[in-house]
Amino acid sequence: MEETTSTIMAALSTLTPSQLTDLTNSILSSTRRHHLRLTFLLSSPTLFSLTLHHLHTLSLSQKTLLIARHLLSSLHHLTRHLQPASPPLSTAIRERELDAVLLLLLFCETHNHNPEALEAPFSDWRLNLSKLFSDTLLTLSSSYSSAPVIGACKGTILIPFVERVSRCWRLVGAMNCGGGGGGGKEFGEVAASAAAVVALPAVEVAVGGRECVICKEEMRVGRDVCELPCQHLFHWMCILPWLGKRNTCPCCRFRLPSDDVFGEIQRLWEVLVKSGAKE
Ligand SMILES: [Zn+2]
Ligand SMILES: [Zn+2]
């Protein structure tokens, strides 16, 4: 199995059976919604050419962002039982954007497996794609109906979903690199989200002799300091400017939520990696 896929499967293996059922159901309903949308898109010549035109107007970085948002909403599904609830970055995608990203992903898929479908004249694209898509859909829908128990669900719904997530992850990584000198899967430093910072608790220092690693001064007993979710303590005056630049703990690199799509992808990815490694 590919590395990305096995990392996700390792994380999912830590879920309880009822969490797994819940996850499978939510994935099933979003997958069905996407399939319906794509079927509609491919059956309407007008909607198809409008969406194609919209895709043509997007730059490479806008396309990357589109796929990145789609990836983020999938990662939200996969991590919702693995981390304490955090104020989520809105992943609600407008219908036009959803159409665009679904078509874009279908193009990538087709380009990999059936490149001849796209070598045909422009005017044949919709029919060629419809044909390919309805073949895939037939296979998928027969596996949905034969998946009444969890074991089978896990195989027929979760695995294809996880593989789609892996493909998106690769695409986003590759497109980000292509932009010029990008760091591949490392998306760089981003500020912590204001909502996450405002929600940080103030705690009173109970024991003496602990130092704030940012200013190297002792945190005096009785003083109000900031506690990060990883339980590391800092002076408010020290940690606030820090979180304005990066969303990681200075001691252990625990990641706080951010308002950046790529930062959030990185954070949720680390949640998956850590959960899988606990096993
Ligand atoms: Zn300090
Ligand atoms: Zn920490």
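Name every residue in segment 230-273 that is within 15 Å of ligand 2 (Cβ to nearest atom) and basic (K, R), in order of residue number. Residues satisfying the conditions are R246, R253, R255, R267.
Matching residues to (1) open to solvent by less than 50 Å² (accessible area, probe 1.4 Å); (2) in contact with a Ser or Thr (Cβ under 7 Å, 6 or more places away or on another chain); (3) of a type outside the set (D, E); (4) without any contact (Cβ under 8 Å) to a residue 24 or more places away in the chain:
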| residue | (1), (2), (3), (4) |
| --- | --- |
| L12 | yes, no, yes, no |
| L20 | yes, no, yes, no |
| N25 | no, no, yes, yes |
| L28 | yes, no, yes, no |
| H35 | yes, no, yes, no |
| F40 | no, no, yes, yes |
| P45 | no, no, yes, no |
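I need a count of the residues in segment 241-270 that are open to solvent by 30 Å² or more (accessible area, probe 1.4 Å) and not charged (D, E, K, R). Within segment 241-270, residues that are open to solvent by 30 Å² or more (accessible area, probe 1.4 Å) and not charged (D, E, K, R) number 9.
Among the residues making up segment 186-223, those that are more than 10 Å from ligand 1 (Cβ to nearest atom), farther than 16 Å from R267 by Cβ and open to solvent by 50 Å² or more (accessible area, probe 1.4 Å) are V198, P201, A202, E204, A206, V207, G209, R210, R220, V221, R223. Just one of the listed residues (C238, C226) is surrounded by 18 or more Cβ atoms within 10 Å (Cβ to Cβ), at pLDDT 95 or above and not in a strand (DSSP E or B), and it is C238.
Among the residues of segment 14-54, the one identified as touching an Asp or Glu at 6+ places or on another chain (Cβ under 7 Å) and either part of a loop (DSSP other than H, G, I, E, B) or more than 30 Å from S123 (Cα to Cα) (or both) is T14. Selection of helices (runs of 4 or more DSSP H) fully inside segment 66-165 by the criterion of at least 3 residues being among the polar types (S, T, N, Q), surrounded by 14 or more Cβ atoms within 10 Å (Cβ to Cβ) and modelled with pLDDT of 90 or more returns nothing.
The values are calculated or read from the model by the stated rules, or taken from the named source; none is laboratory data. Because the structure is a prediction, the values reported are computed rather than measured. Heads up, the Cβs are rebuilt from the backbone with ideal geometry, glycines too, and the neighbour counts pull from every protein chain shown. Only protein heavy atoms, including side chains, enter the accessible area calculation; ligands, DNA and RNA are left aside. Shrake-Rupley method; radii C 1.70, N 1.55, O 1.52, S 1.80 Å.
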